[in-house]
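**Student:** My structure is below; once you've seen it, I'll send some questions.
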Amino acid sequence: MTRSDGRRADELRPVRITPDFIGTAHGSALIEVGRTRVVCTATIEAGVPPWLRGRGKGWVTAEYGMLPAATGTRNRRPGPGRANSRATEIQRLIGRALRAGTRLDALGDTSITVDCDVLEADGGTRTAAITGGWVALARAVAKARKDGRLPDGPDPVAEQVVAVSCGLVGGRALLDFDYAEDSQASVDMNVVMTPDGRLIEIQTSGEEATFRRADLLRLLRLAQGGCERLAKVQAGAVKKKR
């Protein structure tokens, strides 16, 4: 059976990653997954948070936000007294995911901030941000190593980090939800992993009902296939000449 946009159940939306989308950034990428578009930039700075000083480790963190018109109704910009708990939860996820693929002890006393700004949201913004954010991070680190801004030694980028959404809609296991599917899902899952299938994080919930272990395993298999395909797009973007 095909979906409303003609995709198979195990098919990703069209994916494109454009590296160096922001010319002034240390590393950047525009990721487009269907109509979802996220700009990711990576900034490398000397120094680490106070609680890491003297421990011989660097730090990777992330920030996430949506432009006001990203969803079709205006999102208010963050400001005093307007904390966005959803954005905070997502940026913590992005930071954890990217740190899992980084050798922090190879960064020295250096911090990297990956900013993920959603231009247009049609489902899967957090997973797109992780996938595109890794490209921005890898591009920034490669340039910094070439320019001598990072210590000699192992590459701080140890693993590719990829993420995809999946879940159950009407009892069917579907990969890479758009917004319409996400809003109808009885089970919603976001999976972060390496291309060879090692898991970094799973976020899943029964939106309307319980689900079985067999459903969980079925969705993980679906997610792994999607992540393998996304990793190939990532690798091509990272290797593209500046």
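The values are calculated or read from the model by the stated rules, or taken from the named source; none is laboratory data. Here the structure is a predicted model, which is why all the values come from computation and not from measurement. No Cβ is skipped: glycine too gets one built from the backbone with ideal geometry, and neighbour counts run over all protein chains shown.
**Student:** Do we have any residue at all in region 70-85 that's buried (at least 20 other Cβ atoms within 10 Å of the Cβ) and either of a type outside the set (D, E, K, R) or in contact with a His (Cβ under 9 Å, 6 or more places away or on another chain) (or both)? Working first, answer last.
**Tutor:** In the first step, residues of region 70-85 are kept if they are buried (at least 20 other Cβ atoms within 10 Å of the Cβ); the result is 70.
From what is left, the residues that are either of a type outside the set (D, E, K, R) or in contact with a His (Cβ under 9 Å, 6 or more places away or on another chain) (or both) are 70.
Yes; the residues of region 70-85 include at least one that is buried (at least 20 other Cβ atoms within 10 Å of the Cβ) and either of a type outside the set (D, E, K, R) or in contact with a His (Cβ under 9 Å, 6 or more places away or on another chain) (or both).
**Student:** Give me the pairs: first residue in region 185-207 and over 17 Å from Leu230 (Cα atoms) and in contact (Cβ under 8 Å) with a residue 60 or more places away in the chain, second residue of a type outside the set (A, V, I, L, M) and crowded, with 17+ Cβ neighbours inside 10 Å, beta-carbon distance under 8 Å, and six or more apart or on different chains, which are they?
**Tutor:** Gln203/Asn190
**Student:** Here's a follow-up. I'm trying to understand the selection: among the residues of region 12-60, which are in a loop (DSSP other than H, G, I, E, B) and either free of Cβ contacts under 8 Å to residues at least 40 places away in the same chain or among the aliphatic types (A, V, I, L, M) (or both)?
**Tutor:** Leu12, Pro14, Phe21, Ile22, Gly23, Thr24, Ala25, Val48, Gly54, Arg55
**Student:** Could you identify the single residue in Gly6, Gly65 that is small (Gly, Ala, Ser) and either assigned to a loop (DSSP other than H, G, I, E, B) or surrounded by fewer than 16 Cβ atoms within 10 Å (Cβ to Cβ) (or both)?
**Tutor:** Gly6
**Student:** I would also like to ask the following. For region 27-57, enumerate the residues that are of a type in the set (D, E, K, R) and under 18 Å from the mean Cα position of the chain (by Cα). Give the derivation first.
**Tutor:** To start, the set of residues in region 27-57 that are of a type in the set (D, E, K, R) comprises 32, 35, 37, 45, 53, 55, 57.
Result: Glu32, Arg35, Arg37.
**Student:** Condition test on Ala235, is it under 18 Å from Gly132 (Cα atoms), surrounded by fewer than 17 Cβ atoms within 10 Å (Cβ to Cβ), hydrophobic (A, V, I, L, M, F, W, C) and modelled with pLDDT of 95 or more?
**Tutor:** yes
**Student:** Looking only at region 178-220, count how many residues are surrounded by 14 or more Cβ atoms within 10 Å (Cβ to Cβ), under 30 Å from Ala158 (Cα atoms) and acidic (Asp, Glu).
**Tutor:** Total satisfying the criteria: 2.
**Student:** Report whether or not Ala138 is closer than 24 Å to Gln224 by Cβ, surrounded by fewer than 23 Cβ atoms within 10 Å (Cβ to Cβ) and in contact with a strand residue (DSSP E or B) (Cβ under 8 Å, 6 or more places away or on another chain).
**Tutor:** no
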